[in-house]
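In what follows, a structure is listed as structure tokens, so that the remarks can point back to it.
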Amino acid sequence: MINAFKTGTDIHKEVASKVFNKKLEEVTVEERTHAKAVNFGIVYGISDFGLSEQIKTTKKEAKEYIEQYLNKYKGIKKFMEEIDEEAKTKGYVTTIFGRRRNIPELKAANFIVRQFGSRAALNMPIQGTAADIMKLAMIEVDKRIRELKLRSKLLLQIHDELLLEVPKDEEGKVKIMLKDAMENVAKLLVPLVAEVEEADNWYGCK
């Protein structure tokens, strides 16, 4: 999976080819959609029932998808088990950068609350690290705007996006700066890829 990110391969098609034992070019649109649902759902501890509802299939088939996924990507299964064990032992989990989230729900008497705790523990290192990277990117972009003495302004952060207001004569310089800042603010095992769009309003930036 790391290699797929490094080579720029469509990660959802890559996963589908592994799960369904098909060549990359033979993966159907439906299979890619199913793999995408598992890719995103796995970080939330998605259940076979939840996946079956999402991709409109039987609970049995959804369970098989999840099992095949975890069998093909044993490193992910190991990661999930280690995070769960760490959270239960320490009572908290951390992001790559050390930001901590306490998970008191894991000690709750109620089974449903404990299950929520397990999902939160699994999700935090992933979503939390992504949030950390965005905060670092915002600081870096603001710093570069000041260093370059630009009139451009950083207006908003929306999930994994940054919205800037840029004078026409600064567009070229800001596009290069923004992409470089966002892609290099953190070094991971896989590359961070940022896409830059321009428009007269936010709606036009697709």
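The values are calculated or read from the model by the stated rules, or taken from the named source; none is laboratory data. Computed from a prediction, not measured in an experiment: that's the story for all the values here. Quick reminder, even Gly has a Cβ in these numbers, built from the backbone with ideal geometry, and neighbours come from all protein chains shown. All accessible areas refer to the heavy atoms of the entire protein, side chains included, with ligands and DNA or RNA removed. Shrake-Rupley method; radii C 1.70, N 1.55, O 1.52, S 1.80 Å.
Can you show me the helix-derived [θ] at 222 nm for the chain, built from DSSP H runs with n ≥ 4 at -39,500 (n - 2.57) apiece and divided by the number of residues, rounded to the nearest 500.
Details: 9 runs with 113 residues, N = 206.
-17000 deg cm²/dmol, from helical runs alone.
Give me, ordered by chain and number, the residues 5 or more places off Leu164 or on other chains with an amide H under 5 Å from its own placed amide H.
So Leu164 has HN proximity to Leu155.
Output the relative contact order of the chain, whole-number percent, from Cα pairs under 8 angstrom with separation of 6+ residues.
Reported relative contact order: 13 percent.
What is the local net charge at Lys187, summed over the other residues whose Cβ is closer than 14 Å to its Cβ (Lys, Arg +1; Asp, Glu -1)?
-3
How high is the relative contact order of the range 90-194, in percent, counting Cα pairs under 8 Å that sit 6 or more residues apart?
Relative contact order, the range 90-194: 18 percent.
What is the Cα centroid distance between the range 25-58 and the range 78-150, reported in whole angstrom?
24 Å
Could you derive backbone 3J(HN,Hα) for the range 180-195 from the dihedral phi with the Karplus parameters 6.51, -1.76 and 1.60 (θ = phi - 60°), listing whole Hz in sequence and x where the residue is Gly or Pro?
Coupling constants for the range 180-195: 5, 5, 6, 7, 10, 6, 9, 10, 10, 5, 10, x, 8, 10, 10, 10 Hz.
Using a Cα distance threshold of under 18 Å, what count of lysine pairs results for the range 144-195 when pairs must be 8 or more residues apart or interchain?
Step by step, the pairs that qualify in the range 144-195 add up to 10.
Have a look at Gln127, Ile158, Leu24 and report the one farthest towards the positive end of the charge dipole of the chain, computed about the Cα centre with Cβ charges (Lys/Arg +1, Asp/Glu -1).
Gln127
Around Gly8, with a cut-off of 14 angstrom between Cβ atoms, what is the net charge of the other residues, counting Lys and Arg +1 and Asp and Glu -1?
Once positives and negatives cancel, what remains is -2.
If DNA, RNA and ligands are ignored and the probe is 1.4 Å, what is the ranking of Ser118, Ser152, Ser47 by accessible area, most exposed first?
Working: Ser118 30, Ser152 5, Ser47 55 Å².
Ranked list, largest accessible area first: Ser47, Ser118, Ser152.
Based on the mean of other Cβ atoms within 10 Å per residue, sort peptides 185-194, 87-96 so the most packed one is first. Intermediate values should be presented prior to the final figure.
Values: 185-194: 12.7, 87-96: 15.9.
With the highest mean Cβ count within 10 Å placed first, the list reads 87-96, 185-194.
From the phi of every residue in the range 53-59, what ³J(HN,Hα) in whole Hz does the Karplus formula 6.51 cos²θ - 1.76 cosθ + 1.60 yield, where θ is phi - 60° and glycine or proline is x?
Computed from phi, the couplings for the range 53-59 are 5, 6, 9, 6, 9, 6, 4 Hz.
Whole-Hz Karplus ³J(HN,Hα) for the range 91-98, in order, using 6.51 cos²θ - 1.76 cosθ + 1.60 and θ = phi - 60°, x for Gly and Pro?
Couplings: x, 7, 10, 10, 7, 4, 8, x Hz.
Calculated from the structure, Cα extents along the principal axes in Å equals which of [x] 66, 37, 21; [y] 56, 36, 24; [z] 58, 45, 29?
[z]
Counting only protein heavy atoms and a 1.4 Å probe, tell me what percentage of the range 111-190's accessible area is made up of carbon and sulfur.
Accessible surface attributable to carbon and sulfur in the range 111-190 totals 59 percent.
With the cut-off at 26 Å, tell me which of the pairs Lys59/Lys206; Lys6/Lys90; Lys36/Lys60; Lys13/Lys206; Lys36/Lys77; Lys56/Lys107 have Cα atoms farther apart than that.
Pairs exceeding the cut-off: Lys59/Lys206; Lys6/Lys90; Lys56/Lys107.
Taking the Cα centre of the chain as the origin, how large is its charge dipole in debye, to the nearest 20, when only Lys and Arg (+1) and Asp and Glu (-1) carry charge on their Cβ atoms? Walk me through the numbers before you get to the answer.
Details: 36 positive and 33 negative charges, 131 e Å.
The calculation lands at about 620 debye.
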